[in-house]
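Comments concern the structure below.
The values are calculated or read from the model by the stated rules, or taken from the named source; none is laboratory data. Keep in mind that this is a model prediction, so the values were computed, not measured. As a convention, Cβ positions derive from the backbone with ideal geometry for all residues, glycine included, and neighbour counts pool all protein chains shown. Each accessible area value is taken on the protein alone, full model and side chains, heavy atoms only, with ligands, DNA and RNA left out. Shrake-Rupley method; radii C 1.70, N 1.55, O 1.52, S 1.80 Å.
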Amino acid sequence: MAKAKSVFFCKECGAESPKWMGQCPACKAWDSMVEEPVAPKAKGMKLPAAGTAKKAVPEKLSEIKSHEDTRIITGVEELDRVLGGGIVDSSLVLVGGDPGIGKSTLLLQVCRILAAMKIDVLYISGEESVRQIKMRADRLGKFDGDPEILSENNLDNIEELIVEKRPRVVVIDSIQTMFREDIAASPGSVSQVRETTGSLLRLAKGYGVTIFIVGHVTKEGVVAGPRVLEHMVDTVLYFEGDNSSDYRVLRAVKNRFGSTNEVGVFEMRQDGLREVKNPSEYMLAGTPVGEPGSVITATIEGTRPIMLEIQALCCQTSLNIPRRTSVGIDYNRVNLLMAVLEKKMGLKLSFCDAYVNVAGGMKVNEPALDLAIVMAILSSYTNKPLGEKTICFGEVGLTGEIRGVSQAEQRVAEAKQLGFEHIILPKVNMKTVKDCGLKLTGVGHVTELMRLF
Ligand code: TYD
Ligand code: MG
């Protein structure tokens, strides 16, 4: 019997190579090559019946209709905003996230809303039987419309069905369970994921079907399968959150039809996901009052300010190298800020274990949080709480200077709305917010911070 042929694919970029290599020649990633059976020549997509396929012809730019009006507004503001103002027709949207985070629930809820709007939707699951999906749907409550449900893994069959039925929106849950018969590799392999996504892309663009693809995330936090997956689709959304908390964030990391720094905030309930329209209130629920180590700050997520609590705990270490951990913020940033405090204020932080945490399970990465991290560490170190109804924001530089941040007005306005009375902020931001009616304390250097406790 002839030896089965195999090729190697890069897990990162999908590059193909006839032999194994330690480093991918295309994207230079190390140890990313995986062996897969060789695929026979791609068949290409099955041709639809004559007259149904759109044959592409060039059009004059001035004659092309703008796509402004071809969005479906779902009415779920948190979702619409992340998508850039609704679901764009014939787009391909990848929804990635950890297992159990709520991707299937989110998309079934989208199907429910669309069906209620009398839009033809088809939910295809390769992971669950139709009965299991029905059980999930029952948890979500009453359905006003009647979306169609299918349990199928074979993409050739799915293709045929979509071409025949022409639904307006299709959900594929998940891409790692789909396979094309002409590809020998198993579902979830690099070549299957790449080729099945390619087929879905042609379906979306050729037939004007909007397709949501669910993608599982690997340990490293990227959608399993080649990075090309992210290049092929129009929009990449990540659904994140902590399994231990009910708080979920939908984040756009790529969007051809809108901004990428938008987030939508949801809460996982017994009966599905609920929008959180005021995330600040949600994030601050249960904040301790008058406790050392707890500091409130205002961050900007996309276009919205969100108030957060930063918690720090400093205690004497019993180890040679002090233990440092950070949850929700960059570990290296915390180390850097602690080094600044040590050098500029003479604190003995190298004898302290330090734990810094964003309460509520949110992940943030904004320099404007520096001041709050520093204040939380100082507060825990000195065991003195920061005054009540006080927030702070600002960037801290390596020489200990406190630098201005963008959108100070929005941060202050959000704080005012939630009943905060005192704002500690960079001196340079003072003039833009001086008329806010709250007590303002401008700071220019970390050495000025001790007297604020
Ligand atoms: P699911 O959507 O299956 O996650 P994914 O598709 O991302 O793997 O969500 C599963 C979790 O959500 C599960 O732990 C149960 C919980 N859940 C609720 O809390 N309420 C609900 O109404 C539903 C449907 C699920
Ligand atoms: Mg699922």
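Being under 26 Å from LYS205 (Cβ atoms), more than 12 Å from ligand 1 (Cβ to nearest atom) and in contact with a Leu (Cβ under 6 Å, 6 or more places away or on another chain) is the requirement here; does LEU79 meet it?
Judged against the criteria, LEU79 is not a match.
Confirm whether VAL169 is touching a residue at least 60 places away in the same chain (Cβ under 8 Å), open to solvent by 10 Å² or more (accessible area, probe 1.4 Å) and assigned by TED's automatic domain parsing to the domain that holds ASP89.
no
I need every pair where a residue in region 120-132 that is in the same structural domain as ASN154 (by TED's automatic domain parsing) has its Cβ under 8 Å from the Cβ of a residue that is among the acidic types (Asp, Glu) and within 14 Å of ligand 1 (Cβ to nearest atom), sequence separation at least 6 or different chains.
Partner pairs satisfying both residue conditions: TYR123/ASP173; ILE124/ASP173; SER125/ASP173; GLY126/ASP173; GLU127/ASP173; GLU128/ASP173.
Restricting attention to region 268-304, report how many residues are within 16 Å of ligand 1 (Cβ to nearest atom), outside any loop (DSSP other than H, G, I, E, B) and open to solvent by less than 40 Å² (accessible area, probe 1.4 Å).
The qualifying residues number 2.
Restricting attention to region 183-196, report how many residues are over 21 Å from LYS103 (Cβ atoms), touching a residue at least 60 places away in the same chain (Cβ under 8 Å) and open to solvent by 20 Å² or more (accessible area, probe 1.4 Å).
2
Going through LEU94, LEU122 one at a time, which residue ends up being open to solvent by less than 80 Å² (accessible area, probe 1.4 Å), away from ligand 2 (no atom under 16 Å from the Cβ) and part of a strand (DSSP E or B)?
LEU122
ILE101: in a loop (DSSP other than H, G, I, E, B) and near ligand 1 (Cβ under 10 Å from one of its atoms), yes or no?
Answer is yes for this residue.
Inside region 72-82, can you point out the residues that are within 12 Å of ALA252 (Cβ to Cβ) and open to solvent by less than 10 Å² (accessible area, probe 1.4 Å)?
Correct list: GLU78, LEU79, VAL82.
What do you reckon, is MET21 at pLDDT 85 or above and over 26 Å from the mean Cα position of the chain (by Cα)?
Spelling it out, MET21 is indeed at pLDDT 85 or above and over 26 Å from the mean Cα position of the chain (by Cα).
Please verify whether region 176-186 includes one or more residues that are away from ligand 1 (no atom under 16 Å from the Cβ), out of contact with any strand residue (DSSP E or B) (no Cβ under 9 Å at 6 or more places or on another chain) and under 24 Å from SER125 (Cβ atoms).
Applying the first criterion (away from ligand 1 (no atom under 16 Å from the Cβ)) to region 176-186 yields 179-186.
The next check asks that each one be out of contact with any strand residue (DSSP E or B) (no Cβ under 9 Å at 6 or more places or on another chain); those that pass are 182.
Subset that is under 24 Å from SER125 (Cβ atoms): 182.
Checking region 176-186: at least one residue is away from ligand 1 (no atom under 16 Å from the Cβ), out of contact with any strand residue (DSSP E or B) (no Cβ under 9 Å at 6 or more places or on another chain) and under 24 Å from SER125 (Cβ atoms).
Only residues that are within 16 Å of ligand 2 (Cβ to nearest atom) and of a type in the set (D, E, K, R): list them for region 166-201, please.
Scanning region 166-201 gives a single hit, ASP173.
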